[in-house]
Structure formats: structure tokens, C-alpha cells
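For reference, the structure discussed in these notes is given below.
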Amino acid sequence: MKLLFFGRLADRLGREILISAPPEGYSIAELREIIAKEHPQAEADIRRSSVKACVGDAFVHDSFRVFEADIVEFFPPVSGG
Amino acid sequence: MAVRSRLVDAPFDADRALGQFLAGLGGGEGAVVSFVGLARLLSKKGSRIERLTLDHHPRLTKRSLARIASAAAERFDVSAIDVIHRCGEMKPGEVIVFVAAAGPHRRAAFEAADYLMDRLKTEAVFWKREDAADGSRWIDPTDADYADRNRWER
């Protein structure tokens, strides 16, 4: 499974991390916990509710399940202009 | 209705953008309002900014610009909208964003430009980092930015 990070998360984690998912997949909440444990430098940010998970270009809730072939993107709050 | 939005990764000339926008109008307009946002020289703490970086998403950033431009075109009595937004690294003084709105009367054009900027500040898919003399900071929208955005809720 490919995880992509943007903004401050990309500073802390790099743009991309590859992880193996079990056959039953992971929920987004479980993924956040895995990232927090394996990458303590991003722990506070990845747990924030303002950081949204995105699958297939759509935001998904923390209960959404993702599988090995999925790409999951994590967005901190956006700001243009 | 001419609605245009562009994402650019190199410096652009706001004068030229306005000239092109004016040249492309249909002729029925009585008002054009444009806004130019610049990369600041000083951070909120007053330290000198060396570089501003706008991280973006390979698909959703362009889509967010198009959605915001279309929403302004639908909502206000305007005949043309243009949005140009930078991404990547830029120096203080460079143009980050250009918006323009044209219509038969000034009020709608002013409101459309204001609306475009309020939504861009809080919904355009970018992540902004200031690298200043005293360190680097990611810039989130402020409460005031969200309040400005919420003025347009119906």
C-alpha cells in the first residue's frame, strides 16, 4: 500500500511511504496509529482530526478500510492565495 | 461565460494577465475588478522571509481552482472570471495569485473577486511554507480566513 503525504507531513515523512497491508486491510484510524508509532516525528500531526485522509481523490472517514493496492493520501489543512 | 483557471510553476506577470483578460472580454462589460496576491517580505513575527513554497497535489489542486472559479461565475452577475495560481518555490515580491472578474456592473465584479480570494485562502489545495531567517513555518488558514469564507454561506 502506498501512503502519500503533503505539506508539513511531507517535511516530516517524505512524500511517499510503502507499507504492507494484511488481507483484511487497515482502517484509516489504524493507519494513523501505525504511522504515529513508526514515525514519532509525525505523531502529533498524523493524529490531528484536521489532517484528512483521501482515497481515489475523495476524502474518507477514519473507519474507511483500505487494502494493499490502495493509495492513501494525507492532507493537512489547505491554504492558497 | 468565460471561466478560466490555471496553475503555473514559474513567475508570471500580473500586468500581462490583466491585459489578456481585458483583451478577451466580449464587449458587454462595464466593470473589471482584479486582485493580485504577493509573496510577503516579512513573516507575522517580523522576520525576513527568504522563500515561500507552495506544495500542491498533482490532480486536486487544479480541480479546486476550477471549482472555485466556476462557483464564482455561477453565483455573481459576471461574464468572465480568471484565476492564475502559482505553485512551487517563490521569492518575496513575486505574484502568488491573480484573480479577475468582469461583468456589466461593478458590485458583482467586486464581490466575485472577494469571494474568489476567500475561497482560495481556505479551499484551494495548496500547503504553504515560509522559510525565514528564524526558521521554517507551515502556514495554515487563520480563524479570520475561515470567518471570511463563511460570510458567503447561504
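Roughly to the nearest percent, how much of the accessible area of the protein assembly as shown is carbon and sulfur, given a 1.4 Å probe? Intermediate values should be presented prior to the final figure.
Working: 6040 of 11860 Å².
With neighbouring chains kept in place, the figure for the protein assembly as shown is 51 percent.
Counting helices only, and only those DSSP H runs with n ≥ 4, report the 222 nm mean residue ellipticity of chain A as the sum of -39,500 (n - 2.57) divided by its residues, in deg cm²/dmol to the nearest 500. Numbers along the way, then the final one.
On the way: 3 runs with 22 residues, N = 81.
Calculated from helices alone, the mean residue ellipticity at 222 nm is -7000 deg cm²/dmol.
Net charge around A:Tyr26, counting only other residues with Cβ within less than 12 Å of its Cβ (Lys, Arg = +1; Asp, Glu = -1)?
Taking every Cβ under 12 Å from that of A:Tyr26, the sum is -4.
How many nm is it between the label spots at B:Arg40 and A:Asp70, if each spot is 7 Å from the Cα in line with the beta carbon?
Rounded to a tenth, the inter-label distance reads 3.8 nm.
Given a Förster radius of 45 Å and the C-beta distance between A:Ser50 and B:Ala23 as r, what FRET efficiency does 1/(1 + (r/R0)^6) yield to the nearest 0.05?
So the FRET efficiency works out to roughly 0.60.
Averaging sequence separations of C-alpha pairs under 8 Å and six or more residues apart, then dividing by the length of chain B, give the relative contact order as a whole percent.
33 percent.
Computed FRET efficiency, Cβ-Cβ of B:Asp134 and A:Glu38, R0 35 Å: what is it to the nearest 0.05?
Between B:Asp134 and A:Glu38 the formula returns 0.70.
Given a Förster distance of 25 angstrom, what is the FRET efficiency for B:Met1 paired with A:Ala58, based on the Cβ-Cβ distance and rounded to 0.05?
Details: r = 28 Å, r/R0 = 1.10.
It comes out at approximately 0.35.
Structure shown: which of A:Lys52/B:Lys44; A:Lys2/A:Lys52; B:Lys45/B:Lys121 lie over 18 Å apart, alpha-carbon to alpha-carbon?
Beyond 18 Å: A:Lys52/B:Lys44; B:Lys45/B:Lys121.
I'd like the Karplus ³J(HN,Hα) series for the stretch A:27-39: coefficients 6.51, -1.76, 1.60, θ = phi - 60°, whole numbers in Hz, and an x wherever there's a Gly or Pro.
3J(HN,Hα) across the stretch A:27-39, in whole Hz: 7, 4, 4, 5, 4, 4, 5, 4, 4, 4, 6, 7, 9.
Among the DSSP beta bridges whose two residues both lie in the protein assembly as shown, what percent are antiparallel, rounded to the nearest 5?
Expressed as a percentage, antiparallel bridges in the protein assembly as shown total about 80.
Using a 1.4 Å probe on protein heavy atoms, which residues of the stretch A:60-81 have at least 40 Å² less accessible area in the complex than alone?
A:Phe75, A:Pro77, A:Val78, A:Ser79, A:Gly80, A:Gly81
Starting from 0 in steps of 5 Å, tell me what percent of the Cα-Cα pairs of the stretch B:13-154 lands in each bin.
Pairs per bin, as whole percents: 2, 10, 18, 20, 20, 14, 9, 5, 2, 0, 0.
Would you please state which residues of the stretch B:116-142 a label at B:Lys91 would reach in this model, taking the label point 7 Å out along Cα→Cβ and a backbone N cut-off of under 13 Å?
None, by backbone N distance to the label point.
Using amide H atoms built in the peptide plane, which far-off residues or other-chain residues are under 5 Å from A:Gly80 H to H?
Long-range HN contacts for A:Gly80: B:Lys121, B:Thr122, B:Glu123, B:Ala124, B:Phe126.
Write down the Kirkwood hydrodynamic radius of the protein assembly as shown, to one decimal in angstroms, obtained as one divided by the mean of 1/r over all alpha carbon pairs.
Roughly 19.1 Å, rounded to one decimal.
With an 8 Å Cα cut-off and a minimum separation of 6 or more residues, compute the relative contact order for chain A in percent.
Taking the mean separation of contacting Cα pairs over the length of chain A, I get 41 percent.
Across the residues of B:119-130, average count of Cβ atoms on other protein chains within 10 Å?
Partner-chain Cβ atoms within 10 Å, mean over residues of B:119-130: 5.
Give me the net charge of A:Glu68's neighbourhood, meaning all other residues with Cβ under 12 Å from the Cβ of A:Glu68; Lys, Arg count +1, Asp, Glu -1.
Working: positive: A:Lys2, A:Arg65; negative: A:Glu24, A:Asp70.
Overall, the nearby charge balance is 0.
The values are calculated or read from the model by the stated rules, or taken from the named source; none is laboratory data. Bear in mind that the values here come from a model prediction, so they are computed numbers and not experimental data. Glycine also receives a Cβ, built like all others from the backbone with ideal geometry; neighbour counts cover every protein chain displayed. Side chains are part of the model used for accessible areas, which takes the heavy atoms of the whole protein and leaves out ligands, DNA and RNA. Shrake-Rupley method; radii C 1.70, N 1.55, O 1.52, S 1.80 Å.
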